[in-house]
Amino acid sequence: MVDGASPAGYTNTRDPPSPHPPFLDLPHRNTPRGRPVIRKESSEGIGYSVVELHGVRHVYAAAVPRAGGTLRQQAEDALRTIRGVMDEEGTRGSIVQQAVFLHDAARLDEYREIIREFYGDELPATTYVPQRPCQGKLLAIEALGVGRGAPSGSGEVQIERLSEQLVIARHNGIAFIHGSHVVPDTQADGCYERSSSAFQKMNALLATAGIGFHQVIRTWLYLGGIVDREGPTQRYKELNRARTDFYQNIRFDAAHATPGPHEAVYPASTGIGADNRDILMSCVALATDRKDVKVVPLENPRQVSAYCYSSDYGLKSPKFSRALALTAGTCGTIFISGTASITDSESRHQDDVEAQTEQTLDNIEALIAEDNLRRHGLPGLGAAMADLALARVYIKRQEDYPKARAVCRRRLGELPTIYAVADVCRPELLVEIEGIAFSGR
């Protein structure tokens with residue numbers, strides 16, 4: 001076991017198990033050989049999904065406080081829900097990554113202190129996202145736990161906690177590196193300079209684990225005032241200019257990647273608004289010597305590739321893939337980028353949040369469908385909406401939350417989902433959705 005690793009099923013004897021939340025009554029199932037199995041249990045988006053894959057159990061949990069008035073009370077309630085899920089699924093001590101969505105970004109130090117106290121030396125890579133949970137609570141939490149599958153799983157999992165910003169999970173000859181809460185290190189005020197600094201800091205953070213930026217497969221870019229003007233242009237366009245310049249000489253995962261339709265390989269990504277006026281980043285990177293692992297960027301047949309946008313959308317186009325498929329043998333994991341109500345390159349259904357939510361989900365459905373995966377050289381690895389394990393829904397206007405949620409529940413079923421208030425990268429867009437899906441032949 002690597003230093004800092006926690007074996008699956010670990011129990012901290014100093015702290016009695018948390019009471020189980022009411023939705024923890026699913027039976028365990030064996031994983032059919034070579035094919036992922038997804039079990040889900042949630043209510044109003046609060047709950048979890050369990051993905052059994054190659055003998056390893058991946059637990060995706062979304063929690064919003066059900067009780068408590070103070071920040072500490074609400075935080076501990078949500079954290080106990082997460083811990084109850086991990087206890088039930090045999091992955092306690094194995095949370096590798098989490099995002100904490102903040103109602104009040106000015107109280108970041110308080111949030112951080114509570115999280116550190118709760119986890120102790122098992123602290124996951126944590127990003128504190130300055131976005132208000134739509135339910136009106138003081139925080140919401142999304143977490144990923146990774147442990148040995150049950151009851152007969154053979155996958156060995158090692159977890160190395162290098163810092164609260166960097167955690168590595170190793171299993172089946174693959175390492176996933178989770179980098180979190182990267183902020184700029186510069187006195188400059190401009191969005192271009194601050195974004196460039198944050199990319200450089202993320203690169204330096206990964207380098208401490210011997211990982212290059214070319215191994216990044218997924219990024220999250222949270223930008224305060226994302227659609228605001230900055231000089232003669234827009235802040236999001238300046239972020240894209242910084243990203244393009246930073247990516248200029250990077251060949252993403254050249255050892256495993258299959259180029260997209262325009263011979264381009266970029267990570268999946270979400271670029272979304274935030275409550276502050278700065279830039280915040282997190283990422284997932286991949287390291288493996290396995291020859292059967294493929295990294296395939298996916299583009300949507302309904303949309304122009306973002307990196308091919310015309311100059312109408314900025315001096316330098318957004319450099320990301322609509323999704324990224326990671327395949328190993330007969331199984332696929334699809335990281336779905338932030339997706340909005342856009343077809344071709346045009347925004348659709350202005351000022352109609354329900355129609356925009358429908359269009360956004362139509363885009364995701366087409367993106368992960370079997371026809372599109374076959375088009376990208378991955379026959380048999382297409383997915384349906386039922387194969388989503390987790391989603392995040394960013395809603396521009398708080399008052400639109402009930403309408404957007406109703407559409408998501410009808411289209412997605414009961415799925416662990418974080419709903420957060422956030423501006424989208426175009427002024428007319430009211431909703432953006434991302435997620436992760438699993439497929440298998």
Any hit, the stretch 66-75, residues being under 25 Å from V50 (Cα atoms), in contact with a Lys or Arg (Cβ under 7 Å, 6 or more places away or on another chain) and at pLDDT 95 or above: yes
Some residue of the stretch 73-85 being β-branched (V, I, T), surrounded by 21 or more Cβ atoms within 10 Å (Cβ to Cβ), in contact with a Gly (Cβ under 9 Å, 6 or more places away or on another chain) and free of Cβ contacts under 8 Å to residues at least 60 places away in the same chain: no
Residue check, E44 of a type in the set (D, E, K, R) and within 20 Å of Y419 (Cα to Cα): yes
Which numbered condition V216 fails, given (1) surrounded by 16 or more Cβ atoms within 10 Å (Cβ to Cβ); (2) in contact with a His (Cβ under 7 Å, 6 or more places away or on another chain): (2)
Residue match in the stretch 95-109 (condition: over 27 Å from P402 (Cβ atoms), more than 20 Å from the chain's Cα centre (by Cα) and either assigned to a strand (DSSP E or B) or hydrophobic (A, V, I, L, M, F, W, C) (or both)): yes
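Checking the conditions here, which among A384, A366 is within 19 Å of the chain's Cα centre (by Cα) and surrounded by fewer than 22 Cβ atoms within 10 Å (Cβ to Cβ)? Spell out the reasoning first.
Values: A366 fails: within 19 Å of the chain's Cα centre (by Cα).
After ruling out the rest, the residue left standing is A384.
Going by what's in this entry, would S317 be described as at pLDDT 95 or above and not in a loop (DSSP other than H, G, I, E, B)?
Numbers: at pLDDT 95 or above: yes; not in a loop (DSSP other than H, G, I, E, B): no.
No.
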Any hit, the stretch 369-383, residues being under 27 Å from A274 (Cβ atoms) and in contact (Cβ under 8 Å) with a residue 12 or more places away in the chain: no
Pairs with Cβ under 8 Å, 6+ apart, first in the stretch 44-55 and without any contact (Cβ under 8 Å) to a residue 40 or more places away in the chain, second among the hydrophobic types (A, V, I, L, M, F, W, C): V50/L26; V50/I38; V50/V59
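To keep it simple, each residue is scored yes or no on (1) more than 18 Å from the chain's Cα centre (by Cα); (2) not in a helix (DSSP H, G or I).
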position: L326; (1), (2): no, yes
position: Q359; (1), (2): yes, no
position: L373; (1), (2): yes, no
position: L378; (1), (2): yes, yes
position: R405; (1), (2): yes, no
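How many residues does the stretch 328-356 contain that are part of a helix (DSSP H, G or I) and out of contact with any helix residue (DSSP H, G or I) (no Cβ under 6 Å at 6 or more places or on another chain)? Steps first, answer last, please.
Taking the stretch 328-356 as the starting set, the residues that turn out to be part of a helix (DSSP H, G or I) are 353-356.
With out of contact with any helix residue (DSSP H, G or I) (no Cβ under 6 Å at 6 or more places or on another chain) added as a condition, the list becomes 355-356.
Adding up the residues that qualify gives 2.
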Residues that are part of a strand (DSSP E or B) and modelled with pLDDT under 95, drawn from the stretch 116-162: G147, R148
Qualifying residue in the stretch 354-363 (condition: among the aliphatic types (A, V, I, L, M), modelled with pLDDT of 95 or more and more than 26 Å from Q234 (Cβ to Cβ)): yes
Tabulated pairs, the stretch 126-147, first closer than 23 Å to V284 by Cα, second modelled with pLDDT under 95 and among the acidic types (D, E), C-beta under 8 angstrom, 6+ apart or interchain: G145/E89; G147/E89
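Is it true that some residue in the stretch 16-39 is at pLDDT 90 or above and not in a loop (DSSP other than H, G, I, E, B)? Step through it out loud before you land on a result.
Initially, the stretch 16-39 is screened for residues at pLDDT 90 or above, giving 38-39.
Restricting the remaining residues to those that are not in a loop (DSSP other than H, G, I, E, B) gives 38-39.
Scanning the stretch 16-39, I find at least one residue that is at pLDDT 90 or above and not in a loop (DSSP other than H, G, I, E, B), so the answer is yes.
Assess whether K237 counts as being modelled with pLDDT of 95 or more and of a type in the set (K, R). Break it down stepwise before answering.
Values: modelled with pLDDT of 95 or more: yes; of a type in the set (K, R): yes.
Here the answer is yes, as K237 does meet what is asked.
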Some residue of the stretch 182-190 being buried (at least 24 other Cβ atoms within 10 Å of the Cβ), in contact (Cβ under 8 Å) with a residue 60 or more places away in the chain and not basic (K, R): yes
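Among what's in the stretch 264-279 and is of a type in the set (D, E, K, R) and at pLDDT 95 or above, pick the residue that is surrounded by the fewest Cβ atoms within 10 Å (Cβ to Cβ).
Going through the stretch 264-279, the residues of a type in the set (D, E, K, R) turn out to be 275, 277-278.
Next cut, at pLDDT 95 or above only: 275, 278.
Numbers: D275: 20, D278: 18.
That would be D278.
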Residues satisfying the stated conditions in the stretch 232-263, i.e. touching a residue at least 12 places away in the same chain (Cβ under 8 Å), over 20 Å from Q200 (Cβ atoms) and surrounded by fewer than 18 Cβ atoms within 10 Å (Cβ to Cβ): T233, A254, T258, P259, P261, H262
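The values are calculated or read from the model by the stated rules, or taken from the named source; none is laboratory data. Computed from a predicted structure; not experimentally measured. Neighbour counts run over all protein chains shown; Cβ positions are idealised from the backbone, glycine included.
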